[in-house]
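See structure below.
The values are calculated or read from the model by the stated rules, or taken from the named source; none is laboratory data. Computed from a predicted structure; not experimentally measured. Virtual Cβ from ideal backbone geometry, glycine too; neighbours counted across all protein chains shown.
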C-alpha cells in the first residue's frame, strides 16, 4: 500500500464527475498520488449518487465492496449525494467508513484526509454560500477534447419527485469570472468542446440579479475563449429559457445547435402534481420557437412514466404530444418513489406492470419519430469531433453499412456524450480533431458515413 495515495470510484451524473475531477486535482496539489488500483491505495474515495433507488443501490454496493476488501491502515471515504443524504448514519451502518463528505464540502477534501490520518472520523455536510472555489485545479478525465463545465450548483425548483435540492442545496450560480477562468484553463489543456451543466443551466445568473439573458450573455463571453470550438448546453429548464438564449444559440457559431430540456411529462394535471411549470401546449411553443430560429437543431428530452395518479388518458395525451413534437431523442424512466420527496406520499402508486407497459408504448411512439429524424439527416455533411478508432464485431449491423472492420467514432453537434450515440465513419482522421463527414446510413442510435473529402472520389 503506497503512502499518501488515493483511488477514486466515481458514480452518477456529469456533475458528480466534475466533483471527482476537482477532488483528484486538489489532492494532487496537496501531495497525494492518484492510484488506479483501489487495493494499493492508502485511501479510497467513493463519490456516490442517490438520485433514485437504482443509483443508491449501485453506490451502496460500491461502498460495501471497498469496505469488504479494506486492509489495516487503509481509509475509506464516502463522498457525494449518498453521503449528503445520510451523513453520519452511513458510518453507523458501515463502520469501515472513516469519513463522509457531502456535495457542498468536497473542496476541502485534502484537509479532510489530513483529519482522517490524525485519527478523526469527520462528517462534513455544509453547503458553501457560493460555489467559488473556482473548480481549479482540476484533472479532466473525459476524452481530452471534451470537458464538462459546471456553471451552478443546487436547485430551487420544488418538483415533488426530486430529492436534488436536499442533496445539493439551493441554486447558486458561479461567478462569470470563475467560469471564464476555468474555461480558459480547460482550453489550455486541450479542450475543444465545453459542455455546460447545472441542475438548471438556463437559470444561471438569476440569483445574482440578472433577470433575463444571463446565460445568453455568458455564452457571448465563452464564445471568445481561444481554442474552444463547441459549446454545448445540457439541462435547460422550460420556465427559465428566454428568447435571449434562443437568439444566442442561433447567432453564435460555436454554440452547438442542440437543445436538451428534461420536460418530465406533458399533461397539465400530471405536471401540476409534479409541481412542474407550464403545460404540454406551452412546451410545444418552446419547441417550435427553437425550430423556427434554428432549423437544424437537434432536440432531446426525458419523461417520467407512471407518476402517482397518472391515468391511461394522461398517457394518451403524452403519446399524442410526442407525435406532434417530433423530438429527435427522448429518454423514458419509470417513476421511482424517493424517500423524503412529496410525491412519495401521494396517492396509490401506478402498478409496476402498468408502468412498464406504458413505457414500452411511449418508447415505440418516440422510436418512430426518431427514425424519421435520422432519415432526414442522411446525405448531410456534418462536423464530427473524433474520439477514437473502434473495431466493429462481425455481427454488428453497422459493419455492413460501412463495409469496413474498423472505423473512426465521434460525435456531431447533434450528439451529446454518453446518451446519444454518435457517428462511425471511414477515411483519414485523428483523435481529437474535427472531420467533415457525409452521413450515408444509420442504425438504431448511430450514424455511418464517409469523410466528405472522399465522397467525390468514391462517387
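With respect to the conditions (1) assigned by TED's automatic domain parsing to the domain that holds residue 310; (2) over 30 Å from residue 306 (Cβ atoms); (3) in a helix (DSSP H, G or I); (4) touching a residue at least 24 places away in the same chain (Cβ under 8 Å), residue 113 lacks only one, and its number is (1).
Looking across segment 46-65, just one residue is more than 21 Å from the chain's Cα centre (by Cα) and under 22 Å from residue 111 (Cα atoms), and that is 63.
If you go through segment 150-168 and keep only what is part of a strand (DSSP E or B) and under 19 Å from residue 82 (Cα atoms), you end up with just 153.
Just wondering, is there one or more residues in segment 297-320 that are assigned by TED's automatic domain parsing to the domain that holds residue 240 and on the phi > 0 side of the Ramachandran plot? Checking segment 297-320: at least one residue is assigned by TED's automatic domain parsing to the domain that holds residue 240 and on the phi > 0 side of the Ramachandran plot.
Conditions tested, residue by residue: (1) touching a strand residue (DSSP E or B) at 6+ places or on another chain (Cβ under 6 Å); (2) without any contact (Cβ under 8 Å) to a residue 24 or more places away in the chain.
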{"residue": "304", "(1), (2)": "yes, no"}
{"residue": "318", "(1), (2)": "no, no"}
{"residue": "331", "(1), (2)": "yes, no"}
{"residue": "334", "(1), (2)": "yes, no"}
{"residue": "344", "(1), (2)": "no, yes"}
{"residue": "383", "(1), (2)": "yes, no"}
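When residue 356 is tested against the conditions (1) more than 18 Å from residue 267 (Cα to Cα); (2) surrounded by 15 or more Cβ atoms within 10 Å (Cβ to Cβ); (3) in contact with a strand residue (DSSP E or B) (Cβ under 9 Å, 6 or more places away or on another chain), the lone failure is (2). Of the helices (runs of 4 or more DSSP H) lying entirely inside segment 292-410, those containing at least 3 residues that are at pLDDT 95 or above and under 23 Å from the mean Cα position of the chain (by Cα) are 352-377.
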